[in-house]
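Down below is the structure, laid out as structure tokens.
The values are calculated or read from the model by the stated rules, or taken from the named source; none is laboratory data. Just so you know, these numbers come straight off a predicted model, no measurement behind them. Here the Cβ positions follow ideal geometry from the backbone for every residue, glycine too, while neighbour counts run over all protein chains shown. With ligands, DNA and RNA removed, areas are computed over all heavy atoms of the protein, side chains included. Shrake-Rupley method; radii C 1.70, N 1.55, O 1.52, S 1.80 Å.
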Amino acid sequence: MLKNNLGYPRMGSHRQLKKACEQYWSGKITRDELNQAARKIKEENWQLQVNAGIDLVPCNDFSFYDQVLDMSLLLGAIPARYTPVLSTVKTNQEIDLYFAMARGYQKDGLDITAMEMTKWFDTNYHYIVPEFTVNQEFRIFSEKIFAEFNHAKQISGKAAKPVLLGPVSYLLSGKEKEAGFEKIDLIKKLVPVYIEIINRLKIHGAEWIQLDEPYLALDLSKKEKEALVYTYGEIARRCGGIKILVATYFDALLDNTQLAVNLPIAALHIDLVRAPEQLDEILALVPESLSLSLGVIDGRNVWKNDFKKSLAHITKAIGVVGTERIMIAPSCSLLHTPFDLDQETEIYPEIKNWMAFAKQKLQEVNALYQIVNGNTDLYHANQEAITARQFSALTNNAAVKARVEGITDADAQRKSAFPVRQQLQQERFKLPLFPTTTIGSFPQTDDIRQLRAQLKKGELTQQEYDTAIEKATIDSIHLQEQIGIDVLVHGEFERNDMVEYFGEQLDGYLFTKNGWVQSYGSRCVKPPVIYGDVSRPKDMTVRWSNFAQQQTDKPMKGMLTGPITILQWSFVRDDQPRSVTANQIALAIRDEVVALEQAGIGIIQIDEPAIREGLPLRKANWPAYLNWAVKAFRISASGVQDDTQIHTHMCYSEFNDIIENIAAMDADVITIETSRSQMELLEAFSDFEYPNEIGPGVYDIHSPRVPSVEEMVDLLEKAATSLPAQNIWVNPDCGLKTRKWPETIAALQNMVDAAKQAREKLAEPQTA
Ligand code: GLN
Ligand code: ZN
């Protein structure tokens, strides 16, 4: 029985890689110093894994930016626009080309855009999307994987297991940049290069190669399935004497089970955390030649493994295939978990004893191995912690549990239907046609961020801090009045982050000091941890909304983050369904909505930018998720009177395929990102009539560019062809916190002018 690990966090124990990369980008350290920092991280990681007793220690899981981009470089899939990076600037090396692909290149007289970035399955990790052309060629371009393999051997004294994204998943994660072909058709050109890589690794001494094929856990077309059979058939035929482990994760194999277990490979890794139910079918079908790597330890969360559950899987599998053909492993690469729980000195010890980060998860792999071999002490210690958590007063709040159980359909239902509410809201707010608003935040300038840092360090008193935030708020309100915006916001100057701000005020949440997880490139996030039943001990936003409303006669929008987004961007409990946690958060937000209403706030926005990213990977599971997610939002929004106007906001993704579910959220107004795609969203309304009011973003806040009045009028006219004019709002496509003030003011002035022009143009009586 082998102890296997699929991948390890590469930022380093103290985010050294982030710092080194950023210093290299700004010219503060040399290429050698950057490489030195990387070498150190890799060496520490390998050493740590060897010490933890891992048999199959991964290599090439390290990456300066992203492992998919590494593959593009390894395979020579380098878009033509990057050629000048090496040819024009002779001092550049491969790493500079690599960073140019990741981040764009704007110097030495060159101006080359970065490659696109998108979410890695249902994680919060973003990868660089490979670009393919009709005449796409592949060849070994980068030597990184070979160098890293040799380096690992030096350090650990034995062969590490090189990790690559498998050929089929590499192609499927990319994008066709030209018409006239399907990316999967490139498989015949691609596989020979993989074979060359594998054979070269074998010459260097590799015994195992891990090829990640996460797409095996997704819905696949016939062609894609054939590509998998072809790929692994070819590799088996042409790469003798080396063992291939195909890794799947994030979901179940389901209809791809037959295919997967019959691939001519040495081992198959399966995710038994996300999809424990798949084990039986796999065991029933597994041929004698195949080993199974059992992903029993959650690579996506921060909790201690329940050895009882894991051992049940392991012993069942051993019963069918025998110990020699079993590996114990985390469910996926540990890239998605923070580095080391030992660094957390401020987590309450009782709770800390329920947790495990990457380093601890390796120890769990080892412990399970030892328990299978008779060590009962380790088992009992683990079960003590699991039981303690289960019955702890810290996780259990009887009142919250009872309230969630008592939720009725009526709780998820506004008092009257939308047309009635719309009428009442029109009478109350008397807004013009094409009302203007913004999404919530205004520029979080260095001044504002510094205030928060000073408060933390004790250089400012709470009072001084509050006064400074009040001033920023007042200024932004005056500015919005001057510009002539109809529904104002307070600017969110008091908030660090849209989830953290609420997490800090909710019970059941904890925050780590060093729980960083890579989000993309050098950017890391530190998700808050939900450990217990969530409740709201007191008002969270009323003070600031109230203060803001007092400064103006215009309606001031209250601003909240919705239950699904709070859930999605936190580490959540694994001891109850996500839907239950979502409902707990929904009730807390509902109480805040009602408190705002009682304080006289008539318009309240509940942001749900993350609702789409919670979608399950398999389409068959979409309806169940959408059902509870939409309901949780509705619970948060439905405690108010008919004349209180509920807004929601969404961004970051395409919404056309879930537009009916978005409508089912029944927000009175939705503001939604669409400007980058020139209102592609509107296509959804050709065969679906969106029933409520909607503000399709009229300009892209992700760039400092100031949009012209004309282009926004055009977009509004375009919107008015697919939506009733009286339902259209005018707003940017997201919050403005990442922008600077000058462009923000110019853009909003143009936006208000555009709304005025559209009113004149579109309010005219239609003449035949
Ligand atoms: N209200 C938030 C803001 O304006 C929304 C942010 C978001 O959509 N990600 O910053
Ligand atoms: Zn947004």
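Okay, here's what the table says:
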| quantity | calculated |
| --- | --- |
| Dipole magnitude (debye, nearest 20) for the chain, charges at Cβ of Lys, Arg, Asp, Glu | 2040 debye |
| Gain on full stretching of the segment that runs from residue 749 to residue 456 - 0.36 nm per residue minus C-alpha separation | 101.9 nm |
| Pairs from 3/308; 631/718; 718/740; 119/225 whose Cα-Cα separation, in the structure shown, is over 20 Å | 631/718; 718/740; 119/225 |
| For residue 303, residues with placed amide H under 5 Å, excluding near neighbours | 356 |
| Extension gain (nm, one decimal) between residue 90 and residue 19, 0.36 nm per residue minus Cα-Cα | 23.0 nm |
| Note, ³J(HN,Hα) from phi for region 643-649, Karplus 6.51, -1.76, 1.60, rounded to Hz, x at Gly and Pro | 8, 8, 9, 9, 9, 9, 9 |
| Unit Cα scatterers, Debye sum, the chain: log10 I(q)/I(0) for q = 0.09, 0.10 Å⁻¹ | -0.92, -1.13 |
| Loop sites in region 591-662: chymotrypsin sites (Phe, Trp or Tyr not before Pro), DSSP, at most 16 other Cβ within 10 Å | 652 |
| For region 251-262, 3J(HN,Hα) per residue [Karplus equation, 6.51 cos²θ - 1.76 cosθ + 1.60, θ = phi - 60°, Hz, x = Gly/Pro] | 6, 8, 6, 6, 5, 9, 4, 3, 4, 5, 6, 9 |
| Efficiency of FRET from Cβ geometry, residue 122 and residue 179, R₀ 25 Å, rounded to 0.05 | 0.25 |
| Virtual spin-label span in nm between residue 405 and residue 384, 7 Å along Cα→Cβ | 3.1 nm |
| Amide proton proximity set for residue 57, modelled H, under 5 Å, gap of 5+ | 161 |
| Where labels lie 7 Å past Cα in the beta-carbon direction, separation of residue 543 and residue 284 in nm | 6.0 nm |
| Radius 13 Å from Cβ of residue 723, net charge of other residues (Lys, Arg +1; Asp, Glu -1) | -3 |
| Loop GluC sites (Glu not before Pro), region 599-689, which have at most 14 other Cβ atoms in a 10 Å radius of their Cβ (DSSP) | 654, 689 |
| Surface/4 estimate of mean projected area, convex hull on alpha-carbon atoms of region 692-749, nm² | 4.0 nm² |
| Among 149, 319, 510 the positive-end extreme of the charge dipole of the chain (Cβ point charges) | 149 |
| Amide hydrogen neighbours beyond the local backbone of residue 516, cut-off 5 Å, H modeled | 339 |
| Filtered trypsin sites (Lys or Arg not before Pro), region 42-122: DSSP coil and at most 10 other beta carbons within 10 Å | 90, 107 |
| Residue-by-residue Karplus 3J(HN,Hα) for region 658-667, coefficients 6.51, -1.76, 1.60, Hz, glycine and proline x | 10, 4, 5, 6, 5, 4, 5, 5, 6, 5 |
| Given charges at beta-carbon only (K, R positive; D, E negative), |dipole| of region 554-608 in Debye | 160 debye |
| Surface per residue (accessible, 1.4 Å probe) for region 630-700, Å² | 31 Å² |
| Gain on full stretching of the segment that runs from residue 599 to residue 627 - 0.36 nm per residue minus C-alpha separation | 6.9 nm |
| Only Lys, Arg (+1) and Asp, Glu (-1) charged, at Cβ; region 209-319 dipole about Cα centre in debye | 300 debye |
| Estimated distance in nm for a label pair at residue 423 and residue 33, the labels positioned 7 Å out from Cα along Cα-to-Cβ | 7.0 nm |
| Computed E for residue 110/residue 711 - FRET, C-beta separation, R0 30 angstrom, nearest 0.05 | 0.60 |
| Environment charge of residue 291, counting only residues whose C-beta is closer than 9 Å and scoring Lys/Arg +1, Asp/Glu -1 | +1 |
| Under 18 Å from residue 401, Cα to Cα: aspartates and glutamates that are on another chain or at least 8 residues apart | 409, 411, 507, 533, 574, 575, 591 |
| DSSP-defined beta bridges in the chain - what % are antiparallel, rounded to 5 | 15 percent |
